[in-house]
Amino acid sequence: MRIRVPPGRAGRLWLRHRLAVLRHGLAVLDRKLRILRQERDRLAREAARTGREWEEACRAADAWVSRAALLGGRRAIRLGGDGRLADVRVDWTDAMGTRYPRRALFRPPDEPGPSAPLPLTAALVPAREACRAALRAAVDHAVAAEAARVVAAEEEATGCRIRALRDHVLPRLEAALTEVELSLDEAERADGARIRRAAAAREAEQDP
């Protein structure tokens, strides 16, 4: 697509201003890309760490639930759950205009009151704690994985914008400026030649 440039010297000034703005914008985007890459690497490591912790917590929870089922049967496990829910709230942060989850505020269900029935097996209490730990680890991993995904997507989008500006818009502006400057140079040379011819004609007229 051809750039519509104002005629004459105004077009040269317009193009120079556009090029200055574009180069400044590219510098800002390059800085943003570097920061996003660093943050993406950090978040990817955090997601990998929380993923391992979640897997370990799930294995521990499975082991304790199996023990409770062996000792008290599936009925003990069903009676051990009272339907109360955990409370999860997500704290958000921002990096270079990119908003992503920073951490999860996890609050497990309240402990059973003194009037609650006693567990049918002693293994049910550590099984409940292991399941809560697995749930907490799952929430932490979900937040870390989503943060890594958001930052990686913004990094890719920023890289695409940089490539589009650097590979397409910048060369067109530079080519347009070169064309305008050549046109102005030719016009100035033509004006100079006309002035010299006019001056020569006046001198010829003044000679006797």
(request) Would you please give the FRET efficiency between residue 172 and residue 13, computed as 1/(1 + (r/R0)^6) with r the Cβ-Cβ distance and R0 = 22 Å, to the nearest 0.05? (result) 0.80
(request) Could you check the simple spin-label distance between residue 102 and residue 149, using points 7 Å along Cα→Cβ, in nm with one decimal? (result) 2.2
(message) Per 0.36 nm of contour for each residue apart, how much would the distance between residue 165 and residue 42 grow if the chain were fully extended, relative to their Cα-Cα spacing?
(response) 41.5 nm
(request) Mind checking which of 35, 8, 20 is farthest towards the positive end of segment 1-63's charge dipole, using Cβ charges of +1 (Lys, Arg) and -1 (Asp, Glu) about the Cα centre? (result) 8
(request) Work out Dmax and Rg for segment 132-187 from the C-alpha atoms and quote the Rg first, both in angstrom. (result) 23.7, 80
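Read-outs: derived from the displayed coordinates by stated rules, not from any lab. On a predicted model such as this, the values are computed, not experimentally measured, just so you know. A quick note on method: Cβ atoms are made from the backbone with ideal geometry, for glycine too, and the neighbour counts reach across all protein chains shown.
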